[in-house]
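The values are calculated or read from the model by the stated rules, or taken from the named source; none is laboratory data. Computed from a predicted model, the values in this text were never measured in an experiment. No Cβ is skipped: glycine too gets one built from the backbone with ideal geometry, and neighbour counts run over all protein chains shown. For the accessible areas, the whole protein counts, side chains as well, though only heavy atoms, and no ligand, DNA or RNA atoms are used. Shrake-Rupley method; radii C 1.70, N 1.55, O 1.52, S 1.80 Å.
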Amino acid sequence: MKKKTLRALPCPVLIGLMGSGKSSIGRRLSAKLKIPIVDLDEVIVDKAGMGIPDIFAKAGEEGFRDMESAALAAHLEDRAVLATGGGVVLREANRELLRAHRTVIWLKAAPEFLAERIAGDSNRPLIANQDTLEKLKALAAERDPLYEQCANLIIGREGAEKDEIVSLIIQYLKKVQA
């Protein structure tokens, strides 16, 4: 398949825990596929007019999840790479939407790998003022089975370069399209 026809491939949806690379790998995929990226966290921040920690402080996690669900429903069928938030799988309605999509890719990573990447990130309210590794272990225990329910492809993050992962995703999209 020639580069110019990459944009005809099915659009990927990236899921996984915070720090797994959904946004950064999504941006690289967007550039390769020559289609936009829709980062649900950015959509929520733009719509709310405030950062994620402020949304959590004012509306609570439930309020944030309401916004996340609305953003997923609004953008799931966009002709774009979709980078979801880590908690998008917590609601059954969102899992149903994701399971109906044939190109959901779970960027799976161990809590230890993620803790190194995101320690000290003040834009992540679920880990603020807590032991990052312990919180990530708890989130993984809760969410990994949910990610697995939704994923059409699982890619391990440890030891894999981002460009390698982009190539694996493009190979998968070509296979799905065939």
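The combined condition, being farther than 18 Å from Ser20 by Cβ and touching a helix residue (DSSP H, G or I) at 6+ places or on another chain (Cβ under 7 Å), is not fulfilled by Arg79. Taken over the stretch 64-73, the criterion of being touching a Leu at 6+ places or on another chain (Cβ under 8 Å), surrounded by fewer than 19 Cβ atoms within 10 Å (Cβ to Cβ) and acidic (Asp, Glu) is satisfied by no residue.
Each residue in the stretch 74-88 was checked for being open to solvent by less than 10 Å² (accessible area, probe 1.4 Å) and not in a loop (DSSP other than H, G, I, E, B), and 4 of them qualify.
When you scan the stretch 147-175, how many residues do you find that are hydrophobic (A, V, I, L, M, F, W, C), in a helix (DSSP H, G or I) and open to solvent by 30 Å² or more (accessible area, probe 1.4 Å)? Summing the residues that are hydrophobic (A, V, I, L, M, F, W, C), in a helix (DSSP H, G or I) and open to solvent by 30 Å² or more (accessible area, probe 1.4 Å) in the stretch 147-175 gives 1. In the stretch 89-96 there is at least one residue matching the filter, namely being among the aliphatic types (A, V, I, L, M), more than 29 Å from Glu158 (Cβ to Cβ), outside any loop (DSSP other than H, G, I, E, B) and touching a residue at least 12 places away in the same chain (Cβ under 8 Å). If you go through the stretch 73-95 and keep only what is under 16 Å from the mean Cα position of the chain (by Cα) and closer than 18 Å to Glu148 by Cβ, you end up with Thr84, Gly85, Gly86, Gly87, Val88, Val89, Leu90, Arg91, Asn94, Arg95.
Scan the stretch 32-45 for residues that are within 25 Å of Leu146 (Cα to Cα) and either β-branched (Val, Ile, Thr) or open to solvent by 20 Å² or more (accessible area, probe 1.4 Å) (or both) and jot them down. The answer is Ile37, Val38, Asp41, Glu42, Val43, Ile44, Val45. Could you count how many residues in the stretch 1-35 are over 15 Å from the mean Cα position of the chain (by Cα) and over 19 Å from Leu97 (Cα atoms)? Qualifying residue count, the stretch 1-35: 14.
Yes or no: the stretch 46-63 includes at least one residue that is modelled with pLDDT of 95 or more, open to solvent by less than 40 Å² (accessible area, probe 1.4 Å) and under 17 Å from the mean Cα position of the chain (by Cα). Within the stretch 46-63, not a single residue is modelled with pLDDT of 95 or more, open to solvent by less than 40 Å² (accessible area, probe 1.4 Å) and under 17 Å from the mean Cα position of the chain (by Cα).
Considering only the stretch 5-26, state which residues are touching a residue at least 24 places away in the same chain (Cβ under 8 Å) and either open to solvent by 70 Å² or more (accessible area, probe 1.4 Å) or outside any loop (DSSP other than H, G, I, E, B) (or both).
As a first pass, look at the stretch 5-26 and keep what is touching a residue at least 24 places away in the same chain (Cβ under 8 Å): 6-26.
If the condition is that a residue be touching a residue at least 24 places away in the same chain (Cβ under 8 Å) and either open to solvent by 70 Å² or more (accessible area, probe 1.4 Å) or outside any loop (DSSP other than H, G, I, E, B) (or both), then Leu6, Arg7, Ala8, Val13, Leu14, Ile15, Lys22, Ser23, Ser24, Ile25, Gly26 are the ones that fit.
Answer yes if at least one residue in the stretch 29-47 is hydroxyl-bearing (Ser, Thr, Tyr), part of a helix (DSSP H, G or I) and within 30 Å of Glu161 (Cβ to Cβ), and no otherwise.
yes
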